[in-house]
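Here is the structure we will look at, set down as structure tokens.
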Amino acid sequence: MSNANVTNDEVAVRARALIEADVSARVNAVVAIAEAAKQNDAADARLKQAIKDAEVALKESSNAHAAAWKAALSAGWAEKELRATGVRAPGTSTPKARKRRTAPAVTDAPSE
């Protein structure tokens, strides 16, 4: 659709506006990527710090467990007696919960 009353300057202004809108949309897309990357990096740093903190806490609690075990032995307990109480010796893994097996569903046999 052509309008004979439109000047070359008006056409140029409209063209610039369309191009600038396109450029702005493209720049905004790149800015969104940069922001998402920053958030991802921050989350990754928080995760790594949380892992380090958890590792420190685990080491400290493992040392406390070993010290408590040693103190119990020094207090006259035998390892067999301690295990009989249900406490876990240092360095042993936590017992895994057993999965309960469910009985197969009983279905009525079709009667003839």
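The numbers here are math on the coordinates, done by the rules we state, and not lab data. Here the structure is a predicted model, which is why all the values come from computation and not from measurement. Virtual Cβ from ideal backbone geometry, glycine too; neighbours counted across all protein chains shown.
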*asked:* Please check: in the Gaussian network model of the chain (C-alpha springs, under 10 Å), which one of 13, 87, 23 has the largest mean-square fluctuation.
replied: 13
_Rough spin-label spacing in nm, given labels placed 7 Å along Cα→Cβ, for residue 84 and residue 20_ = 8.9
_Distance between modelled label sites at residue 31 and residue 57, nm, 7 Å Cα→Cβ extension_ = 3.9
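Would you kindly give the portion of the calculated P(r) for the range 1-47 that falls above 11 Å, as a percent of all Cα pairs?
Working: 793 of 1081 pairs.
Above the 11 Å cut-off, the range 1-47 has 73 percent of its Cα pairs.
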*Select from 44, 22, 53 the residue whose mean-square fluctuation is largest in a Gaussian network model of the chain (Cα-Cα springs shorter than 10 Å).*
22
*At q = 0.15, 0.25 Å⁻¹, what base-10 log of I(q)/I(0) does the Debye formula yield for the range 8-84 when every alpha carbon is treated as an equal point scatterer in vacuo?*
-0.77, -1.05
*Hey, what angle do you get for helix 8-74 against the long axis of the chain, alpha-carbon based, 0 to 90 degrees rounded to 10?*
10
